[in-house]
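Undergrad: This is the structure I have questions about; it appears just below.
The values are calculated or read from the model by the stated rules, or taken from the named source; none is laboratory data. Computed from a predicted structure; not experimentally measured. We place every Cβ from the backbone using ideal geometry, glycine too, and count neighbours over all the protein chains shown.
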Amino acid sequence: MTRHFTKLRDIEEKEARLILNRAKELKDLRRKNVPLRTLENKILAMIFEKASTRTRISFEAGIKELGGAAIVMNASDMQLSRGEPVKDTARVLSRYVQAIMIRTYNQETVEELARWSTVPVINGLSDKYHPCQVLSDIFTIEELKGDIKGVRVAYVGDGNNVANSLIEASILFGFRLSIASPEGFFPDKELLEDGKKVGSLRMLTNPTEAVRDADVIYTDVWVSMGQEKEAERRRKFLNPIESMMNFYRTRKRTQ
């Protein structure tokens, strides 16, 4: 059975821990300039419906350093832009590559691709989840703070794909998470209910309360790609949060 990574809860905590431990090993070996060929003769197809800097360079540099190769495809250059069904794209790519990463507007596209692909599909970003970013951020937090289970994380801002994946991460790893978003900008309702069930999540509208006693403060852009028409409305509601975050940044610099 082909495994996919469309969201964080596609894997179990034990598997996530194996990934993080392996990432630490690879980072140490890279620092020592030890050549690795663990992905030799493997090809990763990367589909971009959204522009990307960090996601693209992370995936492309990563597979090349491990001996593999990447094929970069913008959606506008593919038959997808001409109405080809996602399932046909999945079938064709599966015959040529060993894995597919997609950065897309809709989570449904990721899931449809995974449904028909016979090789692993990785969610590089969708409107609902951003699992690779959050998993890599967990890695960084643990480098600086130790086991994530003992860390208090506060997220302040739009309840977007990053917030959703942070909730999944809190469920997966069991750390305490406080989220502050204005009314109408909360994360996914079902995810919020799941997070509260395991006792790891607080949903607030007051950013000051959310960051009180936090070990890590996390935020994100107010207007994501694809939401440009909502920019003015979003800034109106989120500006108070931005002011508060600027205050904490200024205080941090003066300490």
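Undergrad: Could you check A114 against (1) closer than 30 Å to R95 by Cβ; (2) outside any helix (DSSP H, G or I) and say which number it fails?
TA: Tallying (1) closer than 30 Å to R95 by Cβ; (2) outside any helix (DSSP H, G or I), A114 fails exactly one: (2).
Undergrad: Right, next: Restricting to the stretch 157-207, count the residues that are in a helix (DSSP H, G or I) and among the hydroxyl-bearing types (S, T, Y).
TA: Number satisfying all stated conditions: 2.
Undergrad: Between a residue in the stretch 144-164 that is farther than 19 Å from R212 by Cα and touching a residue at least 24 places away in the same chain (Cβ under 8 Å) and any residue that is among the basic types (K, R) and buried (at least 24 other Cβ atoms within 10 Å of the Cβ), which pairs come within a Cβ distance under 9 Å, given they are 6 or more apart or on different chains?
TA: none
Undergrad: Do we find a residue being modelled with pLDDT of 90 or more and in contact with a Leu (Cβ under 8 Å, 6 or more places away or on another chain) anywhere in the stretch 211-223?
TA: For the stretch 211-223, residues modelled with pLDDT of 90 or more and in contact with a Leu (Cβ under 8 Å, 6 or more places away or on another chain): present.
Undergrad: Moving on. Pull up the stretch 7-46, narrow it to residues that are among the β-branched types (V, I, T) and over 16 Å from the mean Cα position of the chain (by Cα), then point me to the one that is nearest to L80 (Cα to Cα).
TA: I43
Undergrad: Then there's this: Being over 20 Å from T104 (Cβ atoms) and modelled with pLDDT of 95 or more narrows it down to one of L44, L36, L66, L8, so name that one. Steps first, please.
TA: Values: L44 fails: over 20 Å from T104 (Cβ atoms); L36 fails: modelled with pLDDT of 95 or more; L8 fails: over 20 Å from T104 (Cβ atoms).
That would be L66, the only listed residue that is over 20 Å from T104 (Cβ atoms) and modelled with pLDDT of 95 or more.
Undergrad: Being within 17 Å of the chain's Cα centre (by Cα), farther than 16 Å from V110 by Cα and modelled with pLDDT under 95 is the requirement here; does A51 meet it?
TA: Numbers: within 17 Å of the chain's Cα centre (by Cα): yes; farther than 16 Å from V110 by Cα: yes; modelled with pLDDT under 95: yes.
Answer is yes for this residue.
Undergrad: Something else now. Would you mind finding the one in A154, A214, A210 that is of a type outside the set (D, E), surrounded by 15 or more Cβ atoms within 10 Å (Cβ to Cβ) and assigned to a helix (DSSP H, G or I)? First the steps, then the outcome.
TA: Details: A154 fails: assigned to a helix (DSSP H, G or I); A214 fails: assigned to a helix (DSSP H, G or I).
Step by step, each of A154, A214, A210 is checked, and only A210 is of a type outside the set (D, E), surrounded by 15 or more Cβ atoms within 10 Å (Cβ to Cβ) and assigned to a helix (DSSP H, G or I).
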